[in-house]
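Encoded as structure tokens, the structure appears first; notes follow it.
The values are calculated or read from the model by the stated rules, or taken from the named source; none is laboratory data. Since this is a predicted model, take the numbers as computed values, not measurements. All Cβ positions, even for glycine, are placed from backbone atoms using ideal geometry, and neighbour counts span all protein chains on display. SASA here: full protein model, heavy atoms, side chains in, ligands and nucleic acids out. Shrake-Rupley method; radii C 1.70, N 1.55, O 1.52, S 1.80 Å.
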Amino acid sequence: MSTFFGAKTSLNRFSFLRTNSEFIKSVVEFPSTRLILFKKESARSDYRVLGRRTDTFTRLSYLLIGDDPKVHLLLRQWADMNARLSPDLRLKTKIAVVFLGLDEDPHAQDSPLVDEPSYTKQKLSFEDHSGVPLLAVDITENTELLESLLTKSRGSDFLATIDDVLGMQPIDASIFSYAKMYIDWLARNQFCPGCGSRVIPVCGGTKLQCTNEAKEVNNENEYQCPVRKTRTNNVCFPRTDPVVILALRNSRGDKILLGHNARRKMLNKRFFSCFSGFMEPGETIESAAVRETWEETGLKIKRKIQIVKSQPWPFPCCLMVGCVGITEEGSEESINIHLDKELDVCEWFDVDFVADLVYGRVTDGDIMLPNAGSVAFELIKIVVDDCLSARGRL
Ligand SMILES: [Zn+2]
């Protein structure tokens, strides 16, 4: 079962084609190539994506590359400079571009382009492969382009809130998650972490290369890039931060432990969820889950942690690793939320009550669970189902 930001789609990343500059050039020349546009309002704000709100879902807007001659010209310039590994790539074009892949079956139900008109879904053929190319483009710095595009994308707007994203269909949400994590990473990393020289996006915008060419070991006027000496040469890769997220039940299987985050205030409902935290260097997923549980709840876990599913979380670049566990017998009463003070409430709930929430049999209470499709919701559902099936009630 896939999760909200990890839905299966007909988009194939074709990561081995990213290094082929002739292929990348053919992508920007192809009229059916689609653009997903991102921009930031300010340095401190998060990225917005071009989309539109419908009665039922928020949809991403997939602009045709040929619809705006200015954009087409600029992307040609970008592809040419990308092929030459030009150090001025970002300064000259004022855009960041990521090749996301080819939609191999744009008429399929799991295609992000399924609702687009048929005549706009011609496939680009390259060697043995074919599909509609998708590019993510950050136009924050290019205000002229931004104005030009906004006049052409009637009905669309840059979506502002996380609620807009959570209102997407899982396929759009997954494409958004994939694209946004790259765009965000490119914007945050302008200089080499090893020597401070400017870095340029390479491989279709999926890697960053240091522009420091200093090679002389004994030349005191040159500062060599230390990253050059590593096995991967002077290339930086995108960052993904693993986060453990854990659903817990007691050893009798009749209660589920849920926490209320002190930072998550809601007007009418109390939002309860699983326990989570960033993994630290030197930890296994299991040991991070045990540590986070103790730090947030004061409870110890009895049995082996089970890793059951994962979900990308693009705010900004996390991978949620979903686990389930069982607390130590007799420890139910020793909850302590004053260790790391992440939670302001931590409570045991009857499995039957949580099952009613999970299956929508209670909607008007004051307790609210995470959105269906999120890994937190799926983990709670797994624990509920396990408990009920052990009692022969499912
Ligand atoms: Zn460097």
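Taken over the range 241-390, lysine pairs spaced eight or more positions apart, or on distinct chains, with alpha carbons under 30 Å apart number 26. Within the same chain, aspartates and glutamates fewer than 8 places from Lys39 are excluded, and of the rest, those with a Cα less than 14 Å from its Cα are Asp138, Glu141, Glu144, Glu147, Asp157, Asp184. Percent of Cα pairs in the chain per distance bin of 20 Å, from zero to the largest separation: 24, 48, 26, 2. The residues neighbouring Glu22, those whose beta-carbon lies less than 14 Å from its own, together hold a net charge of +1 under the Lys/Arg +1, Asp/Glu -1 convention.
Shown are His107, His260, His129, His338, whose ranking by accessible area with a 1.4 Å probe and every protein chain present, most to least, is His338, His107, His129, His260. Ellipsoid fit via the Cα gyration tensor, the range 241-390: semi-axes of 21, 18, 16 Å, each the root of five times an eigenvalue, largest first. Within the chain, Cys203, Cys236, Cys274, Cys317, Cys318, Cys323, Cys346, Cys387 have no other Cys Cβ under 4.7 Å of their Cβ and so lack a disulfide-compatible partner by this rule. For the range 277-360, the extents of the C-alpha atoms along the principal axes are 33, 32, 26 Å, listed from largest to smallest. The calculated 222 nm mean residue ellipticity attributable to helices in the chain amounts to -7500 deg cm²/dmol, summing -39500 (n - 2.57) over DSSP H runs of n ≥ 4 and dividing by all residues.
Centroid-to-centroid, using Cα positions, the range 157-182 and the range 45-92 are 16 Å apart.
Charge tally around Leu257: other residues with Cβ under 13 Å, Lys/Arg +1 each, Asp/Glu -1 each, net -3.
Its Cα gyration tensor gives the range 4-188 an equivalent ellipsoid, and the semi-axes of that ellipsoid, as √(5λ) in whole Å with the largest first, are 23, 21, 15.
Taking amide H as placed 1.01 Å from N in the peptide plane, the amide H of Gly373 sits under 5 Å from that of Glu378, each at least 5 places away or on another chain. Its Cα gyration tensor gives the range 34-113 an equivalent ellipsoid, and the semi-axes of that ellipsoid, as √(5λ) in whole Å with the largest first, are 26, 19, 11.
The Cβ shell under 13 Å around Pro133 holds other residues with a net charge of +3, Lys and Arg each +1, Asp and Glu each -1. Taking every alpha-carbon pair under 8 Å whose residues sit at least 6 apart, the chain reaches a relative contact order of 16 percent. Shown for the range 241-390: the carbon plus sulfur share of the solvent-accessible area, taken with all protein chains present and a 1.4 angstrom probe, equals 52%.
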